[in-house]
Amino acid sequence: MKKALVIVSFGTTYERARRSIDAVERALAQAAEGYEVFRAYTSSIVRKVLKSRGEIVPSLEEALEKLANESYDTVFVQPTHLLYGNEYEKKIQLAYTRYCGRFLYGHVCKPLIADNDDLLKMAEILAALKPDDADALLLMGHGTTHFANMVYPAMQTALRLQGHPNVVVATVEGWPTLENPIDELRALGAKHIELRPMMLVAGDHAQNDMAGDDADSWKSHLTAAGFDVHCTVEGLGELEDVQRLYVEHLKAELK
């Protein structure tokens with residue numbers, strides 16, 4: 001039997017941010033004994049930019065077409081996406097549905113935060129990121145128009161119930177927004193804020209929307225609001241605990 005694992009990410013054009021994707025891919029590849037491992041990116045913009053630099057990364061459809069043509073009979077797809085959302089449904093599940101009839105076995109595996117157990121585990125991982133010299137940790141999530149955006153307020157609730165009221169979550173493109181936690185941070189009496197992305201990679205949102213020097217960045221808004229802000233521009237994929245959670249998911253699926 002020819003068995004393949006396709007690890008699919010949104011992708012990034014930031015070379016430094018690629019370390020997060022690479023780290024997760026390495027961990028997953030080590031866990032997929034007996035499987036050939038392939039990479040795919042869902043973002044056509046990222047693939048186009050990388051192609052202009054001489055690097056070809058296939059879309060998921062292109063990767064699945066290649067595997068079908070080369071007679072792979074078992075094909076699993078492991079997304080590195082954080083949650084079920086538009087990308088997961090429209091660019092991953094839909095793509096696999098078009099090709100699954102050409103494979104004997106396999107399916108699309110879960111995202112990082114797929115159920116309550118994942119949520120609670122991730123809350124502990126995120127809470128541990130607050131430095132001792134910071135009064136509070138503010139996490140920038142991506143956010144989505146999909147109902148899966150409810151993971152972010154659910155994460156906030158989980159953090160509070162686990163005894164971490166000084167770890168706060170907001171999003172760039174969903175809800176809650178940056179405006180929501182500012183009053184909360186003030187109510188906590190927080191002065192020194194650690195700011196970091198709650199995203200797989202520290203790409204454009206982390207580099208510019210979060211830590212940029214322009215007036216619209218989160219760092220600038222928080223500074224203008226009277227907080228002392230320190231930014232850690234690091235993707236979640238670089239954390240070994242996060243890599244282990246991806247691996248737990250994959251091993252359960254491959255059984």
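Panel values: the stretch 126-255, Kirkwood radius from alpha carbon pairs, Stokes-Einstein at 10 °C and 1.306 mPa s, translational diffusion coefficient 105 µm²/s. On full extension, the segment bounded by residue 44 and residue 233 gains 65.6 nm, given 0.36 nm per residue less the C-alpha separation. If you wrap the tightest convex hull around every Cα atom of the chain and split its volume per residue, you get 121 Å³.
Based on alpha-carbon atoms, the Kirkwood radius and the radius of gyration of the stretch 59-113 give Rg/Rh equal to 0.97. According to the calculation over all Cα-Cα pairs in the stretch 33-184, the P(r) per 10 Å bin from zero is 10, 31, 28, 21, 9, 1 %. For the peptides 93-106, 138-151, the ranking by packing is 138-151, 93-106, with the highest mean count of neighbouring Cβ atoms within 10 Å listed first. Note on the chain: helix-only mean residue ellipticity at 222 nm, from DSSP H runs of 4+ residues weighted -39500 (n - 2.57) and normalised by residue number, equals -11000 deg cm²/dmol.
Under 16 Å from a label point set 7 Å out along the Cα-to-Cβ vector of residue 105, the amide N atoms of the stretch 59-91 belong to 72-77. Placing unit charges on each Cβ (+1 for Lys and Arg, -1 for Asp and Glu) gives the stretch 109-169 a dipole about its Cα centre, and among 152, 140, 109 the Cα reaching farthest toward its positive end belongs to 109. Counting every Cα pair in the stretch 173-229, what percent are over 14 Å apart? The calculated P(r) of the stretch 173-229 puts 56 percent of pairs beyond 14 Å. Probing with 1.4 Å while keeping every protein chain in the model, the per residue accessible area of the chain equals 47 Å². In this view, the solvent-accessible surface of residue 130, computed with a 1.4 Å probe and all protein chains in place, comes to about 50 Å². For the stretch 108-255, the number of Lys pairs with C-alpha atoms closer than 30 Å, counting only pairs eight or more positions apart or on separate chains, is 13. Between amide H atoms placed 1.01 Å from N, distances below 5 Å from residue 169 occur with 139, all of them 5 or more places distant or on a separate chain.
The values are calculated or read from the model by the stated rules, or taken from the named source; none is laboratory data. Everything quoted here is computed from the prediction, not taken from an experiment. Heads up, the Cβs are rebuilt from the backbone with ideal geometry, glycines too, and the neighbour counts pull from every protein chain shown. Please note that ligands, DNA and RNA were not included when accessible areas were found on the heavy atoms of the full protein model with its side chains. Shrake-Rupley method; radii C 1.70, N 1.55, O 1.52, S 1.80 Å.
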